[in-house]
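The next block holds one structure in the form of structure tokens; read it before the comments.
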Amino acid sequence: MSRGPVRRPTQADIARLAGVSQATVSLVLNERNDVRISSTTRERVLAAIREWGYVANASARSLAGGQNKILGVYTFEPVFPTTSVDFYFPFLLGMEQAAADLGYDLLMFTSVGGERQVFRDGATRLSLADGALLLGRDPNVEEIERLRDTGYPFVYVGHREVSGTPISYVAADYARATRQLTERLFELGHRRIAYARIGDGGAQPSQDREKGFRRAMPAGETRRLTGPVWTLESPDDVPGLLAEIRHGGITAVVAEQILLAEELLTCAQRHGMSVPDDLSIVVLGDSTGAPRTGTPWTGLVVPREQMGRQATHLLVRLLETPEQEACREYVECPLMPGATVAPPRREQ
């Protein structure tokens, strides 16, 4: 049986468990150095915090109504390196717009001292905000589950499954958009269609995209006709992928990343193949690491800005109605007509 959220322990609970005063707990949490606390006492308090998952409740000492009107933003990877700009900026823009409309401020949390962590010494600084928006490509799922079990309100931006009680999230509807794009290829006459990606196929967004590909069916058919799914270790494997495409009579490829699509386009051109006349390519919106070549790709748009806005609205609803169960919402992915698909040159 899954374990649901429990009542968050208070400073008074921690003080009782550690056998100290509530004032001592407060001094330990606030890392006061001007008041002498023995190392034994400090460790006893920290042990109780770690055991019971205490989250300091800043809102308890906040403005009337029990809220600071502050929403936290926590990312599991750094936001500001140039390689992350395209990924994070639209999310943050949507969050900022929605927070302003709803009368909230945003507070960004960054971890210091090495690995990014939600919890340090059993506590989390996220409690300075009324609730938080979490996002990242490679999150620490154990910390997400631990945060859930403290009862702290948060919304994950992106599809995120966890063990036990579900969490609230807002995700792009990759499965639906990928199925629509694949079925568009069927409508054009393609019958040998493959799916390809670079990197880990176990990531949730990758699984959602692949699910949509596998569910696609030509009109009037009662069985699915989608072809192989290839996972490459790096762009260096693209020449081998193209050889498999030509050998297998593949006329269309659904590429998970723009980087992969660009490499495939370049490789095809070196072998005298035309896109889309000899090979149609659909891309699924992941621009990570991709060069800016200006290719008018047919594919989907990741609705990052809308996801940020919708997640912010959902978090505020959860704050205003704290007893409701976890909510899962999906945002439609707009489709780009582009110029990289066409009917196959010949039947395969």
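Among the residues of region 319-333, are any over 19 Å from residue 155 (Cβ atoms) and not in a loop (DSSP other than H, G, I, E, B)?
Among the residues of region 319-333, not one is over 19 Å from residue 155 (Cβ atoms) and not in a loop (DSSP other than H, G, I, E, B), which makes the answer no.
Only one residue in 233, 221, 210, 187 is surrounded by fewer than 16 Cβ atoms within 10 Å (Cβ to Cβ) and under 30 Å from residue 162 (Cβ atoms), so which one is that?
Numbers: 221 fails: under 30 Å from residue 162 (Cβ atoms); 210 fails: surrounded by fewer than 16 Cβ atoms within 10 Å (Cβ to Cβ); 187 fails: under 30 Å from residue 162 (Cβ atoms).
Checking each option against the conditions leaves just 233.
Would you mind telling me which numbered condition in (1) under 27 Å from residue 107 (Cα atoms); (2) touching a Ser or Thr at 6+ places or on another chain (Cβ under 9 Å); (3) buried (at least 21 other Cβ atoms within 10 Å of the Cβ); (4) not β-branched (Val, Ile, Thr) residue 181 fails?
(1)
Kindly evaluate residue 238 against the criterion of being open to solvent by less than 30 Å² (accessible area, probe 1.4 Å), among the aliphatic types (A, V, I, L, M), modelled with pLDDT of 95 or more and more than 19 Å from residue 184 (Cβ to Cβ). Steps first, please.
Values: open to solvent by less than 30 Å² (accessible area, probe 1.4 Å): yes; among the aliphatic types (A, V, I, L, M): yes; modelled with pLDDT of 95 or more: yes; more than 19 Å from residue 184 (Cβ to Cβ): yes.
Answer is yes for this residue.
For residues in region 251-272 being β-branched (Val, Ile, Thr) and in contact (Cβ under 8 Å) with a residue 60 or more places away in the chain, which is surrounded by the fewest Cβ atoms within 10 Å (Cβ to Cβ)? So that I can check it myself, show each step before the final result.
If we filter region 251-272 for residues that are β-branched (Val, Ile, Thr), which is where we start, we get 251, 253-254, 258, 266.
Retained after the next criterion (residues that are in contact (Cβ under 8 Å) with a residue 60 or more places away in the chain): 251, 253-254.
On the way: 251: 26, 253: 28, 254: 28.
Checked region 251-272; the qualifying residue surrounded by the fewest Cβ atoms within 10 Å (Cβ to Cβ) is 251.
Identify the residue in region 41-78 that is of a type in the set (Val, Ile, Thr) and open to solvent by less than 40 Å² (accessible area, probe 1.4 Å) and, among all such residues, is modelled with the lowest pLDDT.
55
Of (1) open to solvent by 50 Å² or more (accessible area, probe 1.4 Å); (2) more than 20 Å from residue 182 (Cβ to Cβ); (3) at pLDDT 90 or above, residue 244 satisfies all except one. Which?
(2)
When region 177-204 is examined, which residues are found to be free of Cβ contacts under 8 Å to residues at least 60 places away in the same chain and either more than 29 Å from residue 236 (Cα to Cα) or not in a loop (DSSP other than H, G, I, E, B) (or both)? Full working, then the answer.
To start, the set of residues in region 177-204 that are free of Cβ contacts under 8 Å to residues at least 60 places away in the same chain comprises 179, 183, 186-187, 199-202, 204.
Correct list: 179, 183, 186, 187, 204.
Kindly check whether there is at least one residue in region 283-290 that is open to solvent by 70 Å² or more (accessible area, probe 1.4 Å) and at pLDDT 95 or above.
Here is the first cut: in region 283-290, the ones open to solvent by 70 Å² or more (accessible area, probe 1.4 Å) are none.
Taking every residue of region 283-290 in turn, none turns out to be open to solvent by 70 Å² or more (accessible area, probe 1.4 Å) and at pLDDT 95 or above.
The values are calculated or read from the model by the stated rules, or taken from the named source; none is laboratory data. Because the structure is predicted, anything quoted here is derived from the model rather than measured. We place every Cβ from the backbone using ideal geometry, glycine too, and count neighbours over all the protein chains shown. Please note that ligands, DNA and RNA were not included when accessible areas were found on the heavy atoms of the full protein model with its side chains. Shrake-Rupley method; radii C 1.70, N 1.55, O 1.52, S 1.80 Å.
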